[in-house]
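A short write-up of the structure that comes next.
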Amino acid sequence: MTKKERVLAAIRQRPVDYVPSGFSLHFDPTLHGTPAEITAHLEFFEKTDTDIQKIMNENLVPDFGPVTQPEDWKTLNTFSRSAAFIQNQLEFTKKLLDNADPDAYHLGTLHGIVASSIHPIEHRYGYAAVRELQCEHLRCGEPYLYDAMKRIAEALCYLAEGYAKAGVDGIYFASLGGEARYFTDAEFGEYIAPLDTLIMQAGREAGLNVFLHCCKDGLVMERYRSYVPFSDVINWGVYENPKYSLECGRELFQNVTLMGGMSNLKGGLLHCGTPEQIAGEVRSILDTMGTCGFILGADCTLPPDTPYQNFRVAAHAARG
């Protein structure tokens, strides 16, 4: 099997010659928008030798000015397919794929509606404050923020479609909003899930597999049941959310391939363990999860100082 064939077999829950793997980290932000950003990705892909090669996305929904009152969201304009943040990511993706291993499985990162609607203003207020602001403005009784979120979702659908034309195999859809400390179940169901799944459906309709990543801790994973029809693979933080183990995920998300198993936390085995410790952890995970319908990965992106050799050890340990 090629790497791509192996990942596709795992997605379809068919026999594999070994369990595929995929890991990621953020690269030096000073490289963004330069040829060195492509070089950094290619070096990571070569040195880690994983089956999945994930293309990071630092081309975010752009700043549109200060937001202090709910009505300020009206200043966010509608985006066209030619919007710079979309085209910049697609051009970057095409250049990267021109030089990447054609036998690997390539994922394009796509941020969900919660993250994408805070990206333009997060630098002004900070992460925690902007999450609270988002909740406050959704609850104000006027649809200013939700209308803006719908405009953003439309743009993200364009990005999903563009990814397919650029040549990726799937999208890594990073969803925020499942944390109990922000939205209620009802708010998540009314505002977040419909837009997230709209974007995921656009990816599916474009012919891409959808890897759903449920981000952060304190998750109410039951909220993501409605995402299952739009998901091919589901990944979440089992170390940050110990209530929801991978075994629990088998029951919660039946007939969907799961990805994960390893901690992404600083000080964890994948970050700073010995080769023997990492390989032993991989064997333990596979003993529990088996080889069908499972992809070895981590809870989320790893610290940027994680040695590339550690990823390679994990990927090769999955090969027996």
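The values are calculated or read from the model by the stated rules, or taken from the named source; none is laboratory data. In this text the structure is predicted, and so the values were computed from the model without any measurement. Cβ coordinates were reconstructed from backbone atoms using ideal geometry, including for glycine residues, and neighbour counts include every protein chain displayed. These area figures cover heavy atoms from the full protein model, side chains too; ligands, DNA and RNA do not enter into them. Shrake-Rupley method; radii C 1.70, N 1.55, O 1.52, S 1.80 Å.
What residues have an amide H closer than 5 Å to that of Ile295, excluding those fewer than 5 places away on the same chain, when H is modeled at 1.01 Å from N in the peptide plane?
Leu258, Met259, Gly260
Probe 1.4 Å, all protein chains in place: accessible area of Asp63 in Å², nearest 10?
70 Å²
What is the local net charge at Ser245, summed over the other residues whose Cβ is closer than 13 Å to its Cβ (Lys, Arg +1; Asp, Glu -1)?
-2
Do the sum for the chain: with -39,500 (n - 2.57) for every DSSP H run of n ≥ 4, divided by all residues, what is the mean residue ellipticity at 222 nm, to the nearest 500 deg cm²/dmol? Let's see the in-between values first.
Details: 12 runs with 133 residues, N = 320.
Calculated from helices alone, the mean residue ellipticity at 222 nm is -12500 deg cm²/dmol.
Rolling a 1.4 Å sphere over the protein heavy atoms, what is the accessible area per residue of the chain, to the nearest Å²?
41 Å²
To the nearest 20 Debye, how big is the dipole of the chain about its Cα centre, given +1 on the beta carbon of each Lys and Arg and -1 on that of each Asp and Glu? Write down the numbers at each step before the final one.
Values: 28 positive and 41 negative charges, 92 e Å.
Once rounded to the nearest 20, the dipole reads 440 debye.
Taking a 1.4 Å probe, which of Lys54, Lys150 shows the most accessible area, and what order do the others take after it?
Details: Lys54 20, Lys150 95 Å².
Correct descending sequence by accessible area is Lys150, Lys54.
Which one is right for this structure if semi-axes √(5λ) of the Cα gyration tensor in Å is calculated from it: (1) 37, 26, 18; (2) 39, 20, 18; (3) 31, 22, 18?
Among (1) 37, 26, 18; (2) 39, 20, 18; (3) 31, 22, 18, the one derived from this structure is (3).
Which residue, Asn99, Asn310, Asn59, tops the fluctuation ranking in a GNM of the chain built on C-alpha contacts under 10 Å?
Its mean-square fluctuation being the largest, the pick is Asn99.
What whole-number distance in Å separates the alpha-carbon centres of the stretch 138-174 and the stretch 296-320?
So the two Cα centres are separated by 30 Å.
At a probe radius of 1.4 Å, what is the per-residue accessible area of Glu43, in Å² to the nearest 10?
Glu43 exposes around 80 Å² with every protein chain in place.
Looking only at Leu90, Leu107, Leu269, which one moves most when the chain is put into a Gaussian network model with springs between Cα atoms under 10 Å?
Top of the fluctuation ranking is Leu269.
Once Lys and Arg get +1 and Asp and Glu get -1 on their Cβ, which of Thr34, Val238, Leu133 lies farthest toward the positive end of the dipole of the chain?
About the Cα centre, the residue reaching furthest to the positive side is Val238.
If you build a Gaussian network model of the chain, linking Cα atoms that sit under 10 Å apart, which residue out of Gly141, Gly273, Gly108 swings the most?
Gly141
For Ser116, what accessible area in Å² do you get when you roll a 1.4 Å probe over the heavy atoms of the protein chains, rounding to the nearest 10?
0 Å²
Explain nothing, just compute: Karplus ³J(HN,Hα) = 6.51 cos²θ - 1.76 cosθ + 1.60, θ = phi - 60°, for every residue of the stretch 278-294 in order, whole Hz, x for Gly and Pro.
5, 4, x, 5, 4, 4, 5, 5, 6, 4, 7, 8, x, 10, 9, x, 9
From the backbone phi of the stretch 32-38, what are the Karplus-calculated ³J(HN,Hα) couplings (6.51 cos²θ - 1.76 cosθ + 1.60, θ = phi - 60°) in whole Hz, Gly and Pro given as x?
Result, rounded to whole Hz: 4, x, 10, x, 5, 5, 5.
Taking 23 Å as the cut-off for C-alpha to C-alpha distance, list the pairs among Lys216/Lys266; Lys4/Lys216; Lys150/Lys243; Lys47/Lys95; Lys95/Lys165; Lys3/Lys54 that go past it. Please list the in-between numbers first.
Working: Lys216/Lys266 15 Å; Lys4/Lys216 28 Å; Lys150/Lys243 32 Å; Lys47/Lys95 19 Å; Lys95/Lys165 13 Å; Lys3/Lys54 13 Å.
Over 23 Å apart, Cα to Cα: Lys4/Lys216; Lys150/Lys243.
Roughly how many debye, to the nearest 20, is the charge dipole of the stretch 152-265 about its Cα centre, given +1 on each Lys and Arg Cβ, -1 on each Asp and Glu Cβ, and no other charges?
That gives the stretch 152-265 a dipole magnitude of about 160 debye.
I'd like the carbon and sulfur percentage of the solvent accessible area for the chain, probe radius 1.4 Å, heavy atoms only, ligands and nucleic acids excluded.
51 percent
So what are the ³J(HN,Hα) numbers for the stretch 165-181, from phi and the Karplus equation (6.51, -1.76, 1.60; θ = phi - 60°), rounded to whole Hz, Gly and Pro as x?
Calculated HN-Hα couplings, in order: 5, 6, x, 6, 9, x, 10, 9, 9, 8, 9, 9, x, x, 6, 5, 7 Hz.
Quick one: putting +1 on the C-beta of Lys and Arg, -1 on the C-beta of Asp and Glu, what dipole do you get for the stretch 1-87 around its Cα centre, in Debye to the nearest 20? List each step's numbers first, then the result.
Numbers: 9 positive and 12 negative charges, 104 e Å.
Computed about the Cα centre, the dipole is about 500 debye.
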